[in-house]
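The values are calculated or read from the model by the stated rules, or taken from the named source; none is laboratory data. Note that the coordinates shown come from a computational prediction; the quantities given were computed from them, not determined experimentally. Cβ coordinates were reconstructed from backbone atoms using ideal geometry, including for glycine residues, and neighbour counts include every protein chain displayed. Surface accessibility is based on the protein's heavy atoms, side chains included, excluding ligands, DNA and RNA. Shrake-Rupley method; radii C 1.70, N 1.55, O 1.52, S 1.80 Å.
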Amino acid sequence: MKKKYWFVFCKSDILLHKTMEGKYDIPYSEHPPTDIKPWTTIHDISPLGKINVKTYNIDTPVTDNDEFEMCGLRVSYSKLTYELYLKAGKCAEIIYWDINTKFCGVCGEPMKKDTDISKRCTNCGKEAWPQLATAVIVLIHKENEVLLVHAKNFKDNYYGLVAGFVETGETLEEAAVREVREETGLEITNLKYFASQPWPYPSGLMVGFNADYAGGDIHLQHSELSSGGWFGKNNLPQIPEKLSIARQLIDNWLQNNDKDKQEQICITT
C-alpha cells in the first residue's frame, strides 16, 4: 500500500502534521492518521503530482497527539506550501458539498455517490455536482489613488476592494460594473481582467479586475460598507492579508505605481 496525503477536517479546521524541523505539512502515510468511524466518508481527490490524496471529516478535533495540530484553513496558508494550501481548499469544498447534498433537492430521497465529484438520487435520478459561487472584485484607479472600502462583514479593521457575487444572466464584466455602481455610486471604464483565485470559504471563485474611474461621487451602500475612500501609496490603511486576490491586486498596483514614478524620473533627468 502506497503512502498518500490525508487532508482531515473538523468543521473549519484542518489537521496539520508537525515536522522535525518545526514546520508543518499534511499527514502522509499509508493509513488514515485518525480513527475511522463506520459512518465516515473518505473522498478521493485528484492527485498531487504522483501522490494520491484522500480527505474526510472528523467529529472532534485532535488534541491529544503532539505530532498534530488543528488549524483554521485560512491560517494554514502561512504554515503550508502554497500547493498544499490549494489542495486543502479543494478538499474542504468537497467535504462541504458532501455534507450539504445528503438528500435530493427534488424529491427528498437520499443521494448516493456516483463519481468522485457527482451524486445521483436513489429515487428520481437527479444528479448533483459541487457548485461554485462566482464573485468579482475590482481595483479602481483614479490618477495616483485607488478606492479602498471597509465591508461590514470584515472581522478586522482592514480596507479591501469592491466585490460581489455574479448574478444569474450576467457576464463577469457586467457584474463588476453593477457592483461598483451599487456599492459606491461610481462609474468605471477600461475594465481589464487581472487573475482568478479559488476561495474555499466555503465554495467560491474570485475573479479580479482593474478599472479606471470614469465619474461620480462616492455614495456608499451602507448596508454593505461602513467606510471607504481614495487612498494613495503613502496613506494606505491596513490592507488584506497576502492570501487574498485583493492583496494581489493592491500589490500589483503599488509595483506599477513605483515603476511609473521611476520612468518619470528617468525622463525628467
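What to note about this one:
- Solvent-accessible area of Y96 with every protein chain in place, 1.4 Å probe, in Å² to the nearest 10: 100 Å²
- Charge dipole of the chain about the Cα centre (unit charges at C-beta), most positive-ward option of A135, G72, M206: G72
- In nm, spacing of pseudo-spin labels at K126 and F103 (7 Å Cα→C-beta vector): 1.1 nm
- Heavy atoms of the protein chains alone define the surface here; on that basis segment 110-159 has 60 Å² accessible area per residue at 1.4 Å probe size.
- Förster-model FRET efficiency, 30 Å R0, E173 and N235, C-beta, rounded to 0.05: 0.50
- Scattering from the chain was approximated by placing one identical point on each alpha carbon and applying the Debye formula without solvent; log10 I(q)/I(0) at 0.08 1/Å stands at -0.44.
- Formal net charge of residues neighbouring L172 (Cβ-Cβ distance under 14 Å; K, R +1; D, E -1): -3
- Most positive-pole-ward Cα, I99, M20, F154, against dipole of the chain from beta carbon charges: M20
- D116 accessible area, 1.4 Å probe, all protein chains in place, Å² to nearest 10: 80 Å²
- Other-chain or far-sequence residues with amide H under 5 Å of K11's (modelled H): I58
- Between helix 172-184 and the chain: long-axis angle, C-alpha atoms, 0 to 90°, nearest 10: 60 degrees
- Scanning residues 5 or more positions from T40 or on other chains, none has an amide H under 5 Å from its amide H, with H placed 1.01 Å from N in the peptide plane.
- A simple spin-label model places pseudo-atoms 7 Å from Cα toward Cβ; at N252 and T81 they are separated by 2.5 nm.
- Solvent-accessible area, 1.4 Å probe, carbon plus sulfur percent, for the chain: 50 percent
- For segment 175-219 and segment 96-111, distance of Cα centres in Å: 33 Å
- Mean-position separation - Cα centroids, segment 116-131 and segment 38-55, in angstrom: 19 Å
- Length gained when the stretch T189-K2 is fully extended (0.36 nm per residue, less Cα-Cα span): 61.9 nm
- Heavy-atom accessible area order for W39, W230, W6, largest first, 1.4 Å probe: W39, W230, W6
- Helix-derived mean residue ellipticity, 222 nm - over the chain, DSSP H n ≥ 4, -39500 (n - 2.57), to 500: -7000 deg cm²/dmol
- Surrounding net charge for S118, when Lys and Arg each add one and Asp and Glu each subtract one, Cβ distance under 12 Å: +1
- Using a probe of 1.4 Å, the accessible surface attributed to R247 totals some 50 Å² when neighbouring protein chains are kept in position.
- Legend: residue pairs K79/K113; K87/K192; K23/K90; K54/K112; K142/K192, Cα-Cα distance threshold 24 Å; pairs beyond threshold, K79/K113; K87/K192.
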